[in-house]
Amino acid sequence: MAAEDELAKRRYERLVGRVEALMRGSLKPEYQGYGGQVVLSAEAVEELGGDPAEIRRAARAVGRRLGWKTVTREIDGRIFVLDDREPSKPVRELMQQRAADALDAVLSPSLSATRPTVGGPRPARVRHLADPFLLGALRRGKRVEEFLGPVGGGEVPGVRYVEVRPAGQNFEVILHIVEDVGHATFMDLVEFPALNSEDDEEEFGRVIATADDPPTALATAERRSGAVRERWVNEGIVQAEYADFVQAGRPSNSSPDGYPWPVWSVT
């Protein structure tokens with residue numbers, strides 16, 4: 001038994017060392033130790049031993065060494081590790097500028113020179129999917145998403161977004177309502193806690209409809225959530241939409257480029 005315990009201890013120490021290398025490697029000198037963020041794919045998790053609980057435990061141990069406010073989350077086989085400390089003002093401003101530059105990189109040259117402001121609808125950004133690309137993504141087995149803006153009224157502000165994803169031979173419509181906890185260094189909507197944290201079903205979104213084909217799935221999603229056809233984006237790009245929302249001061253009535261937030265009800 002003692003030999004087995006010693007072997008397990010050594011194995012864990014090796015895991016901590018490997019995770020520490022990844023976490024230290026995520027740090028940028030100009031951020032002065034803030035803003036660390038590691039995303040482990042399912043393959044990386046398997047390569048690290050395949051035990052998500054042990055990997056997250058190791059990440060928290062390393063975070064204590066580094067002085068992080070460590071947040072870990074396991075989603076769809078991936079593990080997210082990040083430092084949730086609020087950086088100093090100069091570092092925060094640098095991070096915001098870097099985030100703005102990254103967003104500009106996904107825009108066409110003609111649009112990147114005029115970042116969105118509230119005051120009237122602008123032409124659709126490159127990130128928004130035209131109908132053939134939207135339907136094509138779903139038919140190829142990819143998810144599509146749409147940011148729906150703020151939801152409030154309670155003590156904790158929230159935001160919502162909707163996704164349509166392939167599920168076997170069908171397509172699911174999933175509504176996400178999460179706490180609005182983002183800031184300059186933390187824009188990953190998939191890591192935000194559910195606004196109704198007491199309901200386990202809400203942690204990864206709620207399936208509000210299923211459909212047999214992409215056109216029906218999209219039409220159902222739009223009817224049930226208030227989404228509009230012109231503002232769907234590929235999986236993951238909804239975070240850029242959320243970043244625009246944060247940088248514009250979290251406008252309550254319309255998106256940063258002037259589209260009214262949808263009126264919606266789940267019926």
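The values are calculated or read from the model by the stated rules, or taken from the named source; none is laboratory data. Since the model is a prediction, treat every value here as computed from it, not as a measurement. FYI the Cβ positions are ideal-geometry reconstructions off the backbone, even for glycines, and counts take in every protein chain you see.
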Quickly run through segment 19-71 and pick out the residues that are farther than 26 Å from residue 97 by Cβ and among the hydroxyl-bearing types (Ser, Thr, Tyr). 41
Hey, does segment 224-231 have a residue that's part of a helix (DSSP H, G or I), over 18 Å from residue 130 (Cβ atoms) and in contact with a strand residue (DSSP E or B) (Cβ under 9 Å, 6 or more places away or on another chain)? yes
When segment 57-70 is examined, which residues are found to be surrounded by 18 or more Cβ atoms within 10 Å (Cβ to Cβ) and either β-branched (Val, Ile, Thr) or more than 26 Å from residue 235 (Cβ to Cβ) (or both)? 58, 62, 63, 68, 70
Index of the failed condition, residue 211 passing every other in (1) modelled with pLDDT of 90 or more; (2) surrounded by 15 or more Cβ atoms within 10 Å (Cβ to Cβ); (3) within 27 Å of residue 73 (Cβ to Cβ); (4) of a type outside the set (Ser, Thr, Tyr): (3)
Output the qualifying pairs, or none if there are none: Cβ atoms under 9 angstrom, residues six or more apart or on different chains, first residue in segment 205-224 and assigned by TED's automatic domain parsing to the domain that holds residue 148, second residue assigned to a strand (DSSP E or B) and hydroxyl-bearing (Ser, Thr, Tyr). 205/161; 217/210; 220/210
Of the criteria (1) part of a helix (DSSP H, G or I); (2) modelled with pLDDT of 85 or more; (3) touching a Pro at 6+ places or on another chain (Cβ under 9 Å), which one residue 133 fails: (3)
Being touching a helix residue (DSSP H, G or I) at 6+ places or on another chain (Cβ under 7 Å) and at pLDDT below 90 is the filter here; which residues of segment 49-69 pass it? 49
Within segment 235-258, how many residues are in contact with a Lys or Arg (Cβ under 7 Å, 6 or more places away or on another chain), on the phi < 0 side of the Ramachandran plot and not in a helix (DSSP H, G or I)? 3
Of everything in segment 20-56 that's in contact (Cβ under 8 Å) with a residue 60 or more places away in the chain and in a helix (DSSP H, G or I), which residue is surrounded by the fewest Cβ atoms within 10 Å (Cβ to Cβ)? 30
Every residue in segment 137-155 that is surrounded by fewer than 20 Cβ atoms within 10 Å (Cβ to Cβ) and under 19 Å from residue 243 (Cα atoms), please. 150, 151, 152
Which of the following residues is assigned to a loop (DSSP other than H, G, I, E, B), at pLDDT 60 or above and surrounded by 12 or more Cβ atoms within 10 Å (Cβ to Cβ): 86, 163? 86
